[in-house]
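Undergrad: Pasting a structure below so you can have a look.
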Amino acid sequence: MKIPLRQFVLLLSPVLPFAVLLYYCVSWNVWFALTNYSLLNPVPRFAGLQSFIEIFSDPRFLNSLQNTLLWALLLVALGNTVGLLLASAIFQFTSSRVRSALTTFFIYPLSLSLVVVGITWRWLFDAYKGFNVIFSQLGLPQVRWLEGQNAFWSMVLVSLWVYTGFIAMLYLGMFYNVDRSTIESAMVDGADMFTIMARIVIPASRQGLIISTVFLLLFGLQMFDLPYTVLYLNPFTMTVVMYSFERYVAMYFYQASAAALVLVMISAFIVIPYSLYGLKRWVMGR
């Protein structure tokens, strides 16, 4: 489908300044990543791929990369599963007011700053307060939520709590686009709601899976505020963004830029196929 010139200009006008600014900043980041710019070398000089060799030789960077990728994959798997179940449950209510109230309730965590979320959950995970007080009163063993490897799983749990409502909302948006007459015909034929959801509504909403997967991957890759607020630069919850921040504060600017560039390349690997899919399906109409 050929896009009219007027629509093309309207589309390009907000995109072009944003793209210029984005690629300008990325270009500067690429340049710094190829230099030796640091506190010890205040005048940047070209050093090739030395920054990448150094960070990939650093166990802390490899640990942060592993944490980031595992966090993103867990967020995709668990976020999609819980979000889909939540959306399916809300979809069963016929009252639009009840649906709106439930959607608002579950999406509320996303409206909070991750710093606020982190401070709140830090109290809840405290070894002598929060959940452990309830566990103690119920005679259950106490959990060291923020100690050792438990810290990583606790942070994944909190991020799931933050983003699941948003994912449920995406799925609900897709559910509402399913042809109502198809659902009513299935009901007349005697199909129960589980069958209708499994065979009609969810398969017709697979775009929701694509969109939510992209969002969850990006949320996972850019994780910083939440783990930093709760545990600062803890090695068990260190992400690539936190590693880049730590290198920047230490004034190893070339290493910070290289780590950031690794994250940009991973994000581009996810976003570019999605953008091409969206361009083909929603703009070109194919």
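The values are calculated or read from the model by the stated rules, or taken from the named source; none is laboratory data. None of these values were measured; they are calculated from a predicted model. With ideal geometry, Cβ positions are generated from the backbone for all residues, glycine too; neighbour counts draw on all protein chains shown. With ligands, DNA and RNA removed, areas are computed over all heavy atoms of the protein, side chains included. Shrake-Rupley method; radii C 1.70, N 1.55, O 1.52, S 1.80 Å.
Undergrad: When residues of segment 128-167 are filtered for being among the hydrophobic types (A, V, I, L, M, F, W, C), open to solvent by less than 90 Å² (accessible area, probe 1.4 Å), within 30 Å of S212 (Cβ to Cβ) and part of a helix (DSSP H, G or I), how many remain?
TA: 11
Undergrad: Here's a follow-up. Report every pair of residues separated by at least 6 positions or lying on different chains whose Cβ atoms are under 6 Å apart, first residue within segment 93-104 and in contact (Cβ under 8 Å) with a residue 24 or more places away in the chain, second aliphatic (A, V, I, L, M) and part of a helix (DSSP H, G or I).
TA: R99/I90; T103/M169
Undergrad: Suppose we keep only residues that are among the hydrophobic types (A, V, I, L, M, F, W, C) and over 23 Å from D179 (Cβ atoms) within segment 87-105. Which one would you say is surrounded by the most Cβ atoms within 10 Å (Cβ to Cβ)? Working first, answer last.
TA: Our first condition is that a residue be among the hydrophobic types (A, V, I, L, M, F, W, C); within segment 87-105, this holds for 87, 89-91, 93, 98, 101-102, 105.
Remaining after also requiring over 23 Å from D179 (Cβ atoms): 101-102, 105.
Working: A101: 13, L102: 18, F105: 11.
Looking at the filtered set, the residue picked out is L102.
Undergrad: If we scan segment 180-187, do we find a residue that is touching a residue at least 24 places away in the same chain (Cβ under 8 Å) and either closer than 25 Å to T104 by Cα or outside any loop (DSSP other than H, G, I, E, B) (or both)? Full working, then the answer.
TA: Here is the first cut: in segment 180-187, the residues touching a residue at least 24 places away in the same chain (Cβ under 8 Å) are none.
The answer is no; no qualifying residue exists.
Undergrad: Having 1 or more residues that are of a type in the set (V, I, T) and over 16 Å from the mean Cα position of the chain (by Cα) is the bar; report the helices (runs of 4 or more DSSP H) wholly within segment 206-263 that clear it. Can you show your working first?
TA: On the way: elements: 206-221, 225-231, 240-249.
Passing ranges, in order: 225-231, 240-249.
Undergrad: Now a separate question. So which of R60, R45, R6 ends up being open to solvent by 80 Å² or more (accessible area, probe 1.4 Å) and touching a residue at least 60 places away in the same chain (Cβ under 8 Å)? Talk me through it step by step, then tell me what you get.
TA: On the way: R45 fails: touching a residue at least 60 places away in the same chain (Cβ under 8 Å); R6 fails: touching a residue at least 60 places away in the same chain (Cβ under 8 Å).
Of the residues listed, the single one that is open to solvent by 80 Å² or more (accessible area, probe 1.4 Å) and touching a residue at least 60 places away in the same chain (Cβ under 8 Å) is R60.
Undergrad: Only one of these conditions is not met by L39: (1) part of a helix (DSSP H, G or I); (2) open to solvent by 30 Å² or more (accessible area, probe 1.4 Å); (3) in contact (Cβ under 8 Å) with a residue 60 or more places away in the chain; (4) of a type outside the set (F, W, Y). Which number is it?
TA: With (1) part of a helix (DSSP H, G or I); (2) open to solvent by 30 Å² or more (accessible area, probe 1.4 Å); (3) in contact (Cβ under 8 Å) with a residue 60 or more places away in the chain; (4) of a type outside the set (F, W, Y) applied to L39, the lone miss is (1).
Undergrad: Got a number for residues in segment 188-226 being without any contact (Cβ under 8 Å) to a residue 12 or more places away in the chain and either hydrophobic (A, V, I, L, M, F, W, C) or touching an Asp or Glu at 6+ places or on another chain (Cβ under 6 Å) (or both)?
TA: Number satisfying all stated conditions: 4.
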